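Only one structure is covered here, and it is reproduced in the block below.
The values are calculated or read from the model by the stated rules, or taken from the named source; none is laboratory data. For clarity, every value in this text was computed on a predicted model and none was experimentally measured. Cβ atoms come from the backbone with ideal geometry, glycine included; neighbour counts cover every protein chain shown.
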Amino acid sequence: MKSALHWQREEGARLEGSRELDSSKLQAPAVVAAPSGGYRLFYTAVGPGKPFPRCQGYILSAFSEDGLNFVKDPGIRLAPRPDVPYMSLRLVSPDIARRADGRWRMYVEGRGPATLPTVIVSAVSADMLRWEFDEGIRLQTPGGIGGPRYTALPDGRGRLYCFESVCGPDGGGRTSMPIVSAVTSDGLNFEFEPGYRMRDRTAKWNEVGVTAAKVIPPTADDDRWIMLYSAWQDVPPGTVVPPHPSQDPNADLNADFAAATIACDICGYRSRIMVAFSDDGLSWRHAGCAIDGAGYGGEGMDAIHAEDMSLIRLDDGRYRMYYAACDNAGAWRVLSAVNG
């Protein structure tokens, strides 16, 4: 990748809330080049048009001929299943992989009540519009796992990079959220790789956790592995943080989920998009910051948060990054930037 650390924001938003399905909150983009041309962008959203009262989020999509101007596809691509506890409330952070048979597989974080850990589930599609869940869970850990990002490996296997929620060493204290990985030969059965790919709490900007990691394997132009990842900075000391409904066992599931989460988003937390390099895809070294908003009181649609990135390669060898962004008013959008 040319200039992995230098990204120029593109004007305007690629997506923002505009209809009953996504007017409350949208985030976590995943972009795919369509075989017949153009791009389809998947994203997590919630709005008053949600499929059932307690639903907290689902997967929508939009299509673009040029990668900049998107038209939203009607309907919901993938919704939670109230009859399956571990994905009964919310689906978030999709990523898409092409199967050997030409179909597509979506990996997505599934959430149920706060008493259950988050998991990674999957679904398949022949046209990227109609999706059916695969049976069972792809990945799970005792504390929860999420933010899946799929990478096709040079040896034909695939790797999912995800964040894991890990409780303190004594079983209590604050939860750590490092990046872990698992490999697969068939897209369904995964084996965790030992150790952590990226640790959190190594600096002020990642003291809350690392929540997404999109990886580019070595190419003819660059023999490094390159990771773009989301890192969260904690609130200022003394800040009163409202309870996040997805982590509160006593949360009212009939309340406005989007409003409650946005109140947490803008109470003092910050997220940024960082860059790391690796020689093998397993051991990583932090290299710098790719996208950093202006901060509280500053200008820009990504002043407070920039996270959950997805990439497409352009014809000139550069990359376009799509990412979720939040401004000072708590409005979430999908923005884009080009490296170089």
Mind checking whether some residue in segment 77-85 is in contact with a helix residue (DSSP H, G or I) (Cβ under 9 Å, 6 or more places away or on another chain) and charged (D, E, K, R)? yes
Within segment 38-71, the count of residues that are assigned to a strand (DSSP E or B) and either within 23 Å of Pro148 (Cα to Cα) or in contact with a Cys (Cβ under 8 Å, 6 or more places away or on another chain) (or both) comes to 15
The strands (runs of 3 or more DSSP E) lying entirely within segment 110-228 that contain at least 2 residues which are within 30 Å of Phe257 (Cα to Cα) and modelled with pLDDT of 95 or more are 119-125, 145-152, 158-164, 179-184, 209-216
Inside segment 1-37, the number of residues satisfying the requirement of being outside any loop (DSSP other than H, G, I, E, B) and surrounded by fewer than 19 Cβ atoms within 10 Å (Cβ to Cβ) is 4
Just one listed residue, out of Ala260, Ala303, Ala255, is among the hydrophobic types (A, V, I, L, M, F, W, C), without any contact (Cβ under 8 Å) to a residue 12 or more places away in the chain and more than 23 Å from Asp95 (Cβ to Cβ), and it is Ala255
